[in-house]
1. Check Pro355 against each of (1) modelled with pLDDT under 85; (2) not in a helix (DSSP H, G or I) and name the one condition it does not meet.
2. Filter segment 370-395 down to the residues that are of a type in the set (Gly, Ala, Ser) and more than 24 Å from Val136 (Cβ to Cβ) and list them by number.
3. Among Met77, Met52, which is in a loop (DSSP other than H, G, I, E, B), at pLDDT 65 or above and open to solvent by 50 Å² or more (accessible area, probe 1.4 Å)?
4. Since Ser392 meets every condition but one in (1) free of Cβ contacts under 8 Å to residues at least 24 places away in the same chain; (2) open to solvent by less than 50 Å² (accessible area, probe 1.4 Å), which condition does it not meet?
5. For segment 80-96, give me each residue that is open to solvent by less than 20 Å² (accessible area, probe 1.4 Å) and at pLDDT below 80.
6. Here is a list of conditions, (1) open to solvent by 60 Å² or more (accessible area, probe 1.4 Å); (2) without any contact (Cβ under 8 Å) to a residue 24 or more places away in the chain, and Ala383 meets all of them except one; can you say which number that is?
7. Being of a type in the set (A, V, I, L, M), closer than 16 Å to His239 by Cβ and touching a residue at least 40 places away in the same chain (Cβ under 8 Å) is the filter here, so list the residues in segment 359-380 that pass it.
Amino acid sequence: GPMLEVAEYVLPRCMWLSGDNEDMSRRNRLACLGLVLVVVLWPGAALCFSVMEGWSYANALFFCFVSLSTVGFGTDMPSHPASRIFCLLYLFVAFSLAAGFVQKLSTLPHKQNESAPLMGGPLSKMLNPWVCLVLVAVLCLVGAVLLPPLERQEELEKYDRARSMFEDLDGLAQFSGCDSIEAIASLDFCQNADVFKAKLRPFFGPDTPNSIVDRESWTPFGAASFVLSLASTVGYGAHSPHTRNGKTATVLIGLVAIPLFLQYMLGSASMVQAFFAQLLSSCRNTGSSAGGMSGVPATSGPVLLVLLILVAAIWLAGGLVFWTLEADHSGWTVTNSLYFCFVTLSGVGFSNVMPQSLAARVFSQVYVVVGLGAVASLLSSLADWLYEVLASISG
């Protein structure tokens, strides 16, 4: 976009930005430009939010990071009109620069078998999708060790406060006078005591911010799950850090984990597209060999259709599995299961409905990795198909 063009022009063409050739030199300059933009834009915006909202600078940095990375836990939100307007401007500028940055990198020539299309040179060969996935798994283990000491105690104290509040409110509905004093027993308060108690418990249910049930969000396994949701930028709103040190650790882990998972998605998308394109091409060649037609390449349309069916199958199958695992444990309906799968595959992640059983929590980790890889393939194939359609129209 125009913003990136201006930023790229003003960045000095220093000697250390040069490469072996023009393409590598431009790739290096764009990488350094992205780093400069992050270093300048992120802390600068955090300083503005800190002043306008009265947040600590650490909280402001955390908010800017989860917004810029599209994780969006939503625990901190601007409340003043001026800061909300500034937030819109910040996101517009940041996403415009990010989109232009990715578009610029994607237009640079790269080898056909390059597994890391946004990177060049030896790094492209080293960071293939499986290596990136292994590194993300290592970061999940780091999170499992680092985050529980920072967040678990705060989580337990939160449950204690919720239980204390529940017991106080529940005690109001157990006034002894309702049973022993006839004049009081006829009052609406006593008549509706059972209704009040029935409506009180769901307010403190496991899928609410006031849960009195230990969701084990910051046990070692819960912390590892959190790192994966952070790396994939799904960022479930019900699972986010609350302590200052926990937020700092989240930012540090996210700075490494998010690019690695993005690289995994891009690389796996290229591999899946190539696999189905070759498969469809082989089927067409086999079917047309009798007529002497061979070597006919598969267009993006059939590949797009196959990937669309694949993603739909992953969505529906995931919903069925989660419903089976959580129906008895947490009372999930099919609708709840499909909703959770949708916000996961779409990367929106604002679900407060989280799996509770161990089997469902383990399955959700596999589902994120497989599902988002398939969605990345679908989006890439959709872009190729739209390009072909527009090219045929203009041609």
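1. With respect to (1) modelled with pLDDT under 85; (2) not in a helix (DSSP H, G or I), Pro355 is out only on (1).
2. Step one: list which residues in segment 370-395 are of a type in the set (Gly, Ala, Ser), which gives 371, 373-374, 376-377, 380-381, 383, 391-392, 394-395.
Across segment 370-395, the qualifying residues are Ala383, Ala391, Ser392, Ser394, Gly395.
3. Details: Met52 fails: in a loop (DSSP other than H, G, I, E, B).
After ruling out the rest, the residue left standing is Met77.
4. (2)
5. Correct list: Ala94 only.
6. For Ala383, the failing item is (1).
7. We begin by selecting, within segment 359-380, every residue of a type in the set (A, V, I, L, M); these are 359-360, 362, 366, 368-370, 372, 374-376, 378-379.
From the residues that got through so far, the ones that are closer than 16 Å to His239 by Cβ too are 360, 362, 368.
If the condition is that a residue be of a type in the set (A, V, I, L, M), closer than 16 Å to His239 by Cβ and touching a residue at least 40 places away in the same chain (Cβ under 8 Å), then Val368 is the only one that fits.
Every residue, every condition in (1) touching a Pro at 6+ places or on another chain (Cβ under 8 Å); (2) modelled with pLDDT of 75 or more; (3) of a type outside the set (Ser, Thr, Tyr), yes or no:
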| site | (1), (2), (3) |
| --- | --- |
| Ser176 | no, no, no |
| Asn192 | no, no, yes |
| Phe203 | no, yes, yes |
| Glu216 | no, yes, yes |
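The values are calculated or read from the model by the stated rules, or taken from the named source; none is laboratory data. Given the structure is predicted, the values throughout are model-derived calculations rather than measurements. Every residue, glycine as well, gets a Cβ built from its backbone with ideal geometry; the counts of neighbours run over all protein chains shown. For the accessible areas, the whole protein counts, side chains as well, though only heavy atoms, and no ligand, DNA or RNA atoms are used. Shrake-Rupley method; radii C 1.70, N 1.55, O 1.52, S 1.80 Å.
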